Structures are given as structure tokens and as C-alpha cells.
Amino acid sequence: MTKTLPTTEQRLTELAHELPTPFHLYDERGIRENARAFVQAFAWAPGFRNYYAVKAAPTPALLRILAEEGCGADCSSLPELELAQRVGITGESIMFTSNDTPPEEFRRAYELGAVINLDDITHIQALEDAVGGLPELLSFRYNPGPERTGNAIIGNPVEAKYGVTSDQLLDCYRAAQAGGVRRFALHTMVASNELDPAFIIETARMLFTLAVRLKDELGIELEFVNLGGGIGIPYRPEQQAMSYQEVSDSIRALYDSIIKPAGLDGLRLSFECGRVMTGPYGVLVSRVRHVTRKYKDYVGLDACMANLMRPAMYGSYHHITVLNKGEGAPTQMVDVTGSLCENNDKFAIDRDLPVMQSGDVVVIHDAGAHGHSMGFNYNGKLRSAEYLLREDGGVEMIRRAETLDDLFATLSF
Ligand SMILES: *Cc1c(COP(=O)(O)O)cnc(C)c1O
């Protein structure tokens, strides 16, 4: 597979001249079509819903598009709750999956009527103390520990700070029952950027099995299970996207063989995916500043790790297209860098790319999740703007770039 651009090379080149680079550009059509395909694949599943993990791209215009396509919001902090609420995602359309949570965040989630998903057995008391009681509906985040092997990015569940253990899980529900909770949900999150459908399918099996156990042992009929996020995206051109249909078909078979015979038919199914919902539909557009030769060859961009830190943070691959270099353009092995005073500020290392000159425009793919949102101000870098490519072809600014005044606003002189 080759990587596609959100619009023509010519249009992107024009945009890179009209708008100050670097900037993120999101493709409305791509986001909508993918969200529809996800929902369509799970049309059989009662009350199917994806709570979009807001941290992936916390920008109101994007949250609105996803809400229009039926997504709720997965929030893990007070500002994320506030953001969801202000774009009209309210009540149980919000899942509050936090960890190490301060009381005011529990209070705000409770006020908003969000589904509160507790990360620890001690948080039952913490929630009670924060809001003066327990809500009618409560969810717990399950960490399977040694029963599951985590994948590479999220790591081994035994080493993870998240969730309640197998030994604690039933006690959590028992305590919630005793505290007056009447409606229950179950959540887990054991994968990240996973491309193997088996991983998601096994997660469904694990949660369905627990749902039956909760019914048998405690008489609890869960309202829904949340399989978490973690559906990966093909960052490399040779990788394959996970097929929603394949995942859905297998989960349906498990639902029919585990959930229905237990008399739990109607159990709702949900996900909490962020990356797969916006990642492939956002690019970072940047311009080449300096091409230099030291002990290696370098191409320095006007974007840096503050615009996209995944390569520096995780060593992640992001595909790079250099605009207006035809097929067969001469290539050169380079490191593509930013301007931070950190030598890991690189978008690519030893990558064969068309020979570049100052002024060339590059597009860094799959920057629509954990891209702009991971930005920071180290070295006095200002966060860049975000634009939305509308379905009608128009381009709209959905977040302006930061200014020096923004940066200095918190300082005392
Ligand atoms: C990050 C996160 C998600 C989303 O994960 P993706 O890999 O972006 O799908 C979902 N749930 C929780 C609790 C998370 O922390």
C-alpha cells in the first residue's frame, strides 16, 4: 500500500504557501467515512458505541464531527471533561477513565452524569468522599495481569499502573452493590497500536467471560462492556489496517456463544478508540529550512518534536512524503530533524527520501492522533495551528497558532 495524501499535491503546495508552516491538516471526509465503517461493522451489537479518546486530538471541531458520527468521549481529566461538555457531548456519552484521580475531577464527572470508570478498589471510597455517595451507574477498569500478555507499546499488564486485579474485581462490584450502585459496566485497556485482530477478539472473550461470572456470583447483569482503545494504524506503507469486519464477526460469534446462553443478551458493546479514529486523517505539513552535511546528511524542518513527538518519544515510524518530487526523483539518505536543542528531535533517521532543498514542502503522515495534542513549549517552541479540510474542499482554521503573548501570559516579570 502507498500512503495517500488528504488532497492533491498541488492543493497542498498552495496551502503551504498561503498558511504559515508548520500546521496540522485534518481530513473531514476521511474521519467521517472511517467512523461510519466502524459503526457499520458492529451494526449487530446492541447499543454499539465508540467513546473517542479525547487525548488523541482534543480539538472541538474534530470532536463535533465524531459526535455527529455517533461517538461519545473518553475523558481522563477535568479539562477533557470540560471540552466534551462544551461541544455538546454530555451525560453517559462521556466515559471518565482516569487514574490517580483528584477529588475535583470525580466531582465534575459526577455533576456531568458521565460514566465513571474506577481505576482502583480504593477509589470507591475516594469517589464516595468526593461526591458524598456513589452514582447509580459505575464501571471498573480491569487489569488481567499475568493472564494476558500486553503488546509492545502498552507493555506487560503486570507492570501497568492501571486497573483492578483479578483478585480485587469481584470485591469491587460487591462494595459498589453495598454502596447502592444499581447499574454496572466493565472496562479494560490492554492493547495499544495493535494491528492483530486476535488481540481485540481475546479482549472481548475475557470481558464476556467476566460478565458471566459477575452474573453467576453476584447476580449483576452488566449494562455494557468497554473493550478500550488500542486498534492500531498502519504507520508503515507495507502494513495493513485492521479489518473492523473481521474483528466484529469474531466478537459476534463470542457474543452468541458466551453472552446469549448466559441470559445476558442485550449487553451493550463499546470501544474507546482514539488513534484509529483520527490518526490516519491528519498530516503535519512542514517546510524544509536548511539542508546540511555534517558527519551525516540532515534536512532541518520548520516543524519539530513539539509538533509531533512520537518519533522522538517512542522511536515511531511516520511516513514522509516530499511534495512535487516525481517518481524516480534522485534520493538521498538523511535524518529529518527539527530545531530543538535535543538530538532526539528527529522525524526520521537514515531515511531514503527524494533530494531536498530549502523551501521544499514535506507532509508527515498519520499525525492526526497524539500529534498536536502532545505538543509542548520546551525551548520556547510555540504550538502551531490546526486546519480542517472540509468535505466541500474548503479549509478552515480550527485552532490558531500560539503567539509569544500566549507563551508569556503565565510569566511574572
Ligand atoms: C489512550 C487511551 C485510549 C485510546 O487508545 P488508542 O490507542 O488511541 O485507541 C482509550 N482508553 C484509555 C483509558 C486510554 O488511556
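Coordinate-derived values only; no laboratory data. It should be emphasised that the depicted structure is a prediction, and the values quoted were computed from it without experimental measurement. Here the Cβ positions follow ideal geometry from the backbone for every residue, glycine too, while neighbour counts run over all protein chains shown.
Things to note:
- Sparse-neighbourhood loop sites, trypsin sites (Lys or Arg not before Pro) in segment 9-98 - DSSP loop, at most 11 other Cβ within 10 angstrom: none
- A crude spin-label estimate for the pair residue 221 and residue 136, with each label 7 Å from Cα along the Cβ direction, gives 1.7 nm.
- Relative packing of peptides 304-315, 256-267 - highest average C-beta neighbours within 10 Å first: 304-315, 256-267
- Averaging the Cα positions of each part gives two centres, and for segment 67-137 and segment 341-408 these lie 31 Å apart.
- Segment 331-383: chymotrypsin sites (Phe, Trp or Tyr not before Pro) falling in loop per DSSP and having at most 15 other Cβ within 10 Å: 376
- Distance from the alpha carbon centroid of segment 157-187 to that of segment 190-244 works out to 18 angstrom.
- Where a label projected 7 Å from the Cα of residue 241 along Cα→Cβ would reach, residues of segment 1-31 with amide N under 14 Å: 1-6, 27-31
- Its Cα centre serving as origin, the chain has a Cβ charge dipole (Lys and Arg +1, Asp and Glu -1) of approximately 480 debye.
- Contour minus Cα-Cα distance for residue 378 and residue 350 (0.36 nm per residue): 7.5 nm
- Of the Cα atoms belonging to segment 5-117, the radius of gyration and Dmax stand at 16.8, 51 Å.
- Each label was represented as a point 7 Å from its Cα along the Cα-to-Cβ direction; for residue 90 and residue 407 these points are 4.0 nm apart.
- R0 of 22 Å, Cβ-Cβ distance residue 8-residue 33: FRET efficiency to nearest 0.05: 0.75
- Adding -39500 (n - 2.57) for every DSSP H run of four residues or longer, then dividing by how many residues the chain holds, sets the calculated 222 nm ellipticity at -8500 deg cm²/dmol.
- Compactness of segment 196-294 - radius of gyration and Dmax, Cα, Å: 19.7, 69
- Out-of-range pairs (alpha-carbon distance over 27 Å; input 296/381; 325/346; 161/346; 3/294; 294/346; 3/346): 161/346; 3/294
- Longest segment of the chain lacking GluC sites (Glu not before Pro) that sit in a DSSP loop with at most 14 other Cβ atoms within 10 Å: 1-135
- q = 0.07, 0.12 Å⁻¹, the chain: log10 I(q)/I(0) [Debye, one scatterer per Cα]: -0.36, -0.98
- Listed residues 98, 58, 43: farthest to the positive end of the dipole of segment 22-102 (Cβ charges): 43
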